[in-house]
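Encoded as structure tokens, the structure appears first; notes follow it.
The values are calculated or read from the model by the stated rules, or taken from the named source; none is laboratory data. As the structure is a prediction and not an experimental result, all values here were calculated from the model. Counting neighbours? That spans all protein chains shown, and the Cβs are built from the backbone with ideal geometry, glycine included. The accessibility values were calculated without ligands, DNA or RNA, using every heavy atom of the protein model including side chains. Shrake-Rupley method; radii C 1.70, N 1.55, O 1.52, S 1.80 Å.
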Amino acid sequence: MFQTLYSYFWWERLWLPENVTWADLEDRDGRVYAKASDLYITLPLAFLFLVVRHLFETYVATPLAGLLNVKEKIRLKATPNAVLEKFYAATTKHPKQADVEMLSKKSGCTVRQVERWFRRRRNQDRPSLLKKFREASWRFTFYLIAFIAGMAVIVDKPWFYDLREVWKGYPIQSMLPSQYWYYTIELSFYWSLLFSIASDVKRKDFKEQIIHHVATIILISFSWFANYIRAGTLIMALHDSSDYLLESAKMFNYAGWRNTCNNIFIVFAAVFIVTRLVILPFWIMHCTLVYPLDLYPAFFGYYFFNFMMVVLQSLHIFWAYLIIRMAQKFITGKARGGLGSDREETDNSEEEEEAAKNGPLSNGHPILNNNHRKTD
């Protein structure tokens, strides 16, 4: 049964144009072609990325946070209460008024005390500013290096300047060592993001992030199997061109450098819109949709690859809407809190009460007003 499923999965008509077989893509005469087995290494490399990330966040990002004076906001802890804790863990973190009154009777606390307990308990679970800074630092570093490496891989290739060259001789296109390593590193990184998403900072677009990671992994893997490598390298480099700008804006936001954050974010918004809403659909997707049909009839792989591109482009439109709204707020001076999906809904009542009594606090100590707005 397994052999039957295996043979159906690798049926040549699913992956390759008609009159082309896997035998045509076997290594010969010094020419090397992409093989599915090449990507097995990406799974152990993904776990290696997680180890490298831990070391980076500990020995690079944390000292950097100290240099940039990343401040933690004081968070008051909820008093241990078995009744309230059980409801918090098993039912909801945001009880309705009827639930609050019921819990007040069960726990022997006043309604006000129950509401205060839930506010403090929710704030305890929110990720710290240091955690978010470390995560942004890691992604900034990878995306910047990946973008530079990606440009080095494709900038001297003819298909970087003439998209019709992407399909010249397809699918009999040999793989270059630089393409192998670019694919391997990118796919390993996205596997590591998927593995760590449960422990990373949970943002408002959490579901969209999962869809994005899965779609990206499928696209990278499929483009490798079907030898869409030239198109794949262009798409990956295009995506990396704006991501490092967003992560650097987050870093400055967490450090309280609001003007720097706003300026970088506006640059990011411009690059994102140009690359994801102009170049990708009108150049790259046109290349993958139109040009191949001049060479061979459409087959399953052609439809599947372009369907996944449409999924990815739909996410880009969703994010572009959020980015444009945020950029407008930055330009008009109305932006408050964090960046887009990274902004968390913090319950501030308790901190405000303490501030009224003791003045602003940071890391448990009074601080002077330096005219920085509240960071997320």
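Between R112, R258, R31, the residue with the greatest mean-square fluctuation in the GNM of the chain (Cα pairs under 10 Å linked by springs) is R112. Mean-square fluctuation check for the chain, GNM, Cα pairs under 10 Å: which of F189, F265, F318 is largest? Sorting by GNM fluctuation, first place goes to F318.
Using alpha-carbon pairs under 8 Å, 6+ residues apart, how would you state the relative contact order of the chain in percent?
25
Once the Cα atoms are used to define both axes, helix 97-107 deviates from the longest principal axis of the chain by about 60 degrees. Beyond 24 Å between alpha-carbons counts as too far, so tell me which of K131/K204; K106/K131; K77/K250; K71/K96 fall in that bin. Beyond 24 Å: K106/K131; K77/K250; K71/K96. So what's the angle, to the nearest 10 degrees on a 0 to 90 scale, between helix 349-358 and the longest Cα principal axis of the chain? Tilt of helix 349-358: around 50 degrees.
With 0.36 nm allotted per residue and the present C-alpha distance subtracted, the I317-Y161 stretch has 53.6 nm of extension available. A value for Cα Rg over 2.2 N^0.38 Å was derived from the coordinates, and within the list (i) 1.56; (ii) 1.20; (iii) 1.34 it appears as (ii). Only helices enter this figure: runs of n ≥ 4 DSSP H residues, each worth -39500 (n - 2.57), summed and divided by the residues of the chain, yield -19500 deg cm²/dmol at 222 nm to the nearest 500. Of the residues F160, L193, Q179, the one whose Cα sits farthest towards the positive end of the charge dipole of the range 147-209 is L193 (charges of +1 on Lys and Arg Cβ, -1 on Asp and Glu Cβ, taken about the Cα centre). Surface composition of the chain: carbon and sulfur make up 63 percent of the accessible area, probe 1.4 Å. For the range 94-144 versus the range 260-323, the spacing of their alpha-carbon centroids is 37 Å. To the nearest ten degrees, helix 300-332 and the longest principal axis of the Cα atoms of the chain are 40 degrees apart.
Only the Cβ atoms of Lys and Arg (+1) and of Asp and Glu (-1) were treated as charged; on that basis the dipole of the chain about its Cα centre amounts to roughly 1780 debye. Using a probe of 1.4 angstrom and keeping all protein chains present, the accessible surface of the chain works out to 52 square angstrom per residue.
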